[in-house]
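The values are calculated or read from the model by the stated rules, or taken from the named source; none is laboratory data. Everything quoted here is computed from the prediction, not taken from an experiment. Glycine gets a Cβ as well: all are built from the backbone with ideal geometry, and neighbour counts include every protein chain shown.
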Amino acid sequence: MPDEIILIAAITIDGYIARHNLEITNWSQDLRLFKQQTRGHTVIVGTNTFKTLSKNLIDREVIVVRRSDKPGKILSDLAVNKCFIIGGGKTYYRFSSFLTDLYITPHPYVFGKGVSLFNGNHLNEIKLKFRRLLTVNKKSGIFQYQYKVLK
C-alpha cells in the first residue's frame, strides 16, 4: 500500500467538483499544477470522471475503478510509494478512509448544487493539519491548499 494517498481536486467555493457527473470541467485553472504533481505517479479515477477527461493522462499509471472494486484491495495491490485519487465524488468518498493528504484548489464559483467533493452517505469526520499553500493564480485568488490527514 502506498505511504501517500493524496486526494487532489479543484472545487467550487460551495464544495462541488462538477455540475453533474459527466461534466467536462473547463473552469479549473490548476491543470498545470495538477500535471506537475501527478506526473510519474499512479492516479486512481472513477469511471464517470475518466469518461470526462479530454486528454490522456500522459506519464501516469491510470487505474479506473468501478463501484464493485474494493478500495483497500486496489491500494494494497499497488507497489508504489505515492498515488493520487483524482475523482469523482463517489471515488473520493470510497477512498476517504485511506487518504493521507488532501490537495484542494477552491475556484471562485458557486454552483448551488452538483457533485459534492465526497459524494456518499455517512462520511466519517476527517481531521486535517494545514501543510502549505501554493499559488495557482494570485490575481484570481486561486491557491491550492495542502493538508495532512490526522489519523
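For the reader, a short list of remarks on this structure follows.
- Selection of segment 104-151 for residues being over 16 Å from the mean Cα position of the chain (by Cα) and of a type in the set (S, T, N, Q) yields Asn121, Asn124, Thr135, Asn137, Ser140.
- Residues of segment 90-140 satisfying the condition of being among the aromatic types (Phe, Trp, Tyr) and on the phi > 0 side of the Ramachandran plot: none
- Residues that are out of contact with any Ser or Thr (no Cβ under 9 Å at 6 or more places or on another chain), of a type in the set (A, V, I, L, M, F, W, C) and farther than 13 Å from Leu117 by Cβ within segment 5-62 comprise Leu31, Val43, Phe50, Leu53, Ile58, listed in sequence order.
- Qualifying residue in segment 42-52 (condition: under 21 Å from Thr100 (Cβ atoms), assigned to a loop (DSSP other than H, G, I, E, B) and out of contact with any Phe, Trp or Tyr (no Cβ under 6 Å at 6 or more places or on another chain)): no
- None of Tyr103, Tyr145 is modelled with pLDDT of 95 or more and in contact with a Pro (Cβ under 8 Å, 6 or more places away or on another chain) except Tyr145.
- Candidates Thr49, Thr105, Thr42 - the one that is farther than 12 Å from Ala9 by Cβ and of a type in the set (Ser, Thr, Tyr): Thr42
For every residue, the table says whether it meets (1) modelled with pLDDT under 95; (2) farther than 22 Å from Leu123 by Cβ; (3) in contact with a Cys (Cβ under 8 Å, 6 or more places away or on another chain); (4) crowded, with 21+ Cβ neighbours inside 10 Å.
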site	(1), (2), (3), (4)
Arg19	yes, no, no, no
Trp27	yes, yes, no, no
Arg32	yes, yes, no, no
Leu53	yes, yes, no, no
Arg66	no, no, no, no
Ile74	no, no, no, no
Phe98	no, no, no, no
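- Of the residues making up segment 68-103, those that are assigned to a loop (DSSP other than H, G, I, E, B), over 18 Å from Ala18 (Cβ atoms) and under 14 Å from the mean Cα position of the chain (by Cα) are Leu99, Thr100.
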